[in-house]
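Okay, structure first, notes after.
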Amino acid sequence: MRWVIAIAVGVLAAAVAWYFELSRQFGAHPFWAEQVIFWGAPIGIGLAVICAPLQYAIRTGSILFLAGVAYAVAHVGKMRFAASYAEDAFAGQMWFFGWHATIAFLVAGIVSGALIKR
């Protein structure tokens, strides 16, 4: 039952992020801001399931740290892509895939945080 609740919390967080367009507000490209949520959320749920055997604090802390790293990669990619006037393809990929990883790790962190053993 705790798995159902944890996954529901992750899906609810992704739905709230989609409804309020949080990815767009935090710097995702407007063209694929919704796409990162639709692709990242299921990947994040799968990641949380894979990491479930790890200790709670290590699992949740590591996943949220990686979410911060992914956001930093996306932000740097966005800045480099804009500075190159859309000519730096690698920076565009950093921005694009950085956002997918950010959403995946955030959802995984939320699901992991909701998996509290009693």
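The values are calculated or read from the model by the stated rules, or taken from the named source; none is laboratory data. Every value quoted in this text rests on a predicted model; they were computed, and no experiment measured them. Neighbour counts are summed over all protein chains in view; Cβ atoms, including those assigned to glycine, are modelled from backbone coordinates with ideal geometry. Accessible surface is based on the protein model in full, side chains and every heavy atom, while ligands, DNA and RNA are left aside. Shrake-Rupley method; radii C 1.70, N 1.55, O 1.52, S 1.80 Å.
Descriptive notes on the structure:
- Derived scalar couplings between HN and Hα for the range 65-75 equal 4, 5, 5, x, 5, 4, 5, 5, 4, 5, 5 Hz in order, rounded to whole Hz, by the Karplus curve 6.51 cos²θ - 1.76 cosθ + 1.60 (θ = phi - 60°), x for Gly and Pro.
- Residues in the range 16-25 carry Karplus couplings, in order, of 5, 4, 5, 4, 8, 6, 5, 5, 5, 5 Hz; the curve used is 6.51 cos²θ - 1.76 cosθ + 1.60 with θ = phi - 60°, and Gly or Pro positions show x.
- Where the range 29-114 is the region considered: accessible area per residue in Å², 1.4 Å probe: 54
- Ranking TYR71, ILE116, TRP18 by Cα position along the charge dipole of the chain, where only Lys, Arg, Asp and Glu carry charges on their C-beta atoms, puts ILE116 farthest toward the positive end.
- Spatial separation of Cα centroids for the range 1-21 and the range 69-116, in angstrom: 20
- Debye log10 I(q)/I(0) at q = 0.13, 0.20, 0.22, 0.23 Å⁻¹ for the chain, Cα point scatterers: -0.49, -0.98, -1.12, -1.19
- Full extension of the segment from TRP39 to VAL69, taken as 0.36 nm per residue of separation minus the current Cα-Cα distance, would add 8.9 nm.
- In nm, spacing of pseudo-spin labels at TYR19 and ALA57 (7 Å Cα→C-beta vector): 3.5
- By accessible area, using a 1.4 Å probe on protein heavy atoms only, the chain has 75% of its surface on carbon and sulfur.
- MRE, 222 nm, helices only [DSSP H, n ≥ 4, -39500 (n - 2.57), over the chain, to nearest 500]: -27500 deg cm²/dmol
- Dipole of the chain, positive direction: furthest Cα of CYS51, VAL107, GLY92, with charges on the beta-carbon: CYS51
- Alpha carbon convex hull of the range 1-46, volume per residue in cubic angstrom: 57
- Helix axis angle, 33-51 relative to the chain longest principal axis, alpha carbon, degrees: 40
- The chain - charge dipole about Cα centre, Lys and Arg +1 at Cβ, Asp and Glu -1, debye rounded to 20: 520
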